[in-house]
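**Q** Below is one structure. I have some questions about it.
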Amino acid sequence: MRFTFKSIAASTAVVMALATSVAQAQTIRIAHVDPDEWTGSKKGAAAQIFRNIVEGETGLSVEIFPAGALGNEDELVGQVQEGLLQMAIVSGAMSKACPAASVLDIPYTFSSATVAWEVLDGEFGDALADHCLEQTGMRTLAFGETGFRNFTNNTREIRTPADMEGLKFRVQPIPLYLEMVSGLGGEPTPIAWTELPNALSTGVVDGQENPVGVIYNNGLHQLQKYMTLDGHVYAADFLVISDEFYQSLTAAEQEVVARAATVAGNMGRSIQQWTSAEGVLAVQAEGMQVYSPTADELAMFAEKAQPAVVDFLRGELGDDAAWIDQLQAAVAAAQ
């Protein structure tokens, strides 16, 4: 067989293309919207420890894209589903891709983080992960934590739902949050995250709701006088991977990737707990008044907020509304 320079060049190009393809197949690209600095970033910490374990125990490489470098959470979910990304760490966007996941946002469902962990790491979490895999083509390897959301405002201390009446609260443009704040007697006002500081400064809204770490790290406590640690919604992180990519891995690689994701989820939870505890002390040190409702007061909040949200979700979810009852049963067992 006669080889010419042109044929040799073409063969070389094919070999290089194949080598590039193999290299890409051996790389896990994982993205999230949090900062990369792990000591204060739950998703940042989770991604970094995932990379360290996977690269230390397999021939796979892991490339991290933090801080929304590849888009917002909705876009990251789409990229994983399209195979442009292998993995992502997302929270609220998961319920848009898999509506059943929205049951986790029912207010005052979880009395503590440890109860949430037991539910998500147990049979309910496994079943929800399997369901969302069927719905989305994304495998949930583990759950992390975005944290409990709390109300802040600039008008008065909130001890009971009656204290919320007449106050305007910025909420995410999500129907569930509109129903929740309305049920509590407040006036929900959907405002984009980027516009929130100005809305608080100018009095367009009286208050807002977010996890403590988010409130402190973004300086929202400097624009608000009061915080109530009611923990109305527990937000979970989903560590998801394209199932098509996951199935392309060897059994040994799958075992390491799954284990690394579990460790990563727990790392994210730990960082979130740290930033929340530190955040409460920090905002108090800077003059914010922080109130922790009693069990009786929290029951009053739940009584006002839950019915409206549950009724709304039952109408929205249709057959998937059964997940509401499954979650409530799992929480009762965990408590």
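The values are calculated or read from the model by the stated rules, or taken from the named source; none is laboratory data. Fair warning: this is a prediction, and the values are worked out from it, not measured in the lab. Glycine also receives a Cβ, built like all others from the backbone with ideal geometry; neighbour counts cover every protein chain displayed. All accessible areas refer to the heavy atoms of the entire protein, side chains included, with ligands and DNA or RNA removed. Shrake-Rupley method; radii C 1.70, N 1.55, O 1.52, S 1.80 Å.
**Q** Could you go through the stretch 153-165 and let me know if any residue there is surrounded by 24 or more Cβ atoms within 10 Å (Cβ to Cβ) and in a strand (DSSP E or B).
**A** Yes, the stretch 153-165 has at least one match.
**Q** Restricting to the stretch 140-180, name every residue that is over 30 Å from Ser270 (Cβ atoms) and of a type in the set (A, V, I, L, M).
**A** Scanning the stretch 140-180 gives Ala162, Met164, Leu167, Leu178.
**Q** Which residue, of Ala101, Ala129, is over 23 Å from Ala308 (Cβ atoms) and open to solvent by less than 20 Å² (accessible area, probe 1.4 Å)?
**A** Values: Ala101 fails: over 23 Å from Ala308 (Cβ atoms).
Testing whether each residue is over 23 Å from Ala308 (Cβ atoms) and open to solvent by less than 20 Å² (accessible area, probe 1.4 Å) leaves just Ala129.
**Q** Between a residue in the stretch 274-285 that is of a type outside the set (Val, Ile, Thr) and any residue that is open to solvent by 20 Å² or more (accessible area, probe 1.4 Å), which pairs come within a Cβ distance under 6 Å, given they are 6 or more apart or on different chains?
**A** Listed pairs, sorted by first residue: Gly279/Tyr216; Ala282/Tyr216; Gln284/Val290.
**Q** Looking at the stretch 56-70, can you tell me whether even one residue there is surrounded by fewer than 19 Cβ atoms within 10 Å (Cβ to Cβ), at pLDDT below 95 and not aliphatic (A, V, I, L, M)?
**A** No.
**Q** Given the structure, is Gln208 over 30 Å from Asn52 (Cβ atoms), touching a Ser or Thr at 6+ places or on another chain (Cβ under 7 Å) and either open to solvent by less than 10 Å² (accessible area, probe 1.4 Å) or assigned to a helix (DSSP H, G or I) (or both)?
**A** yes
**Q** Right, another one. Under 7 Å by Cβ, and 6 or more places apart or on different chains, what pairs join a residue from the stretch 96-108 that is farther than 17 Å from Asp74 by Cβ with one that is among the acidic types (Asp, Glu)?
**A** As it stands, the answer is Ala100/Asp320, since those pairs meet every condition given.
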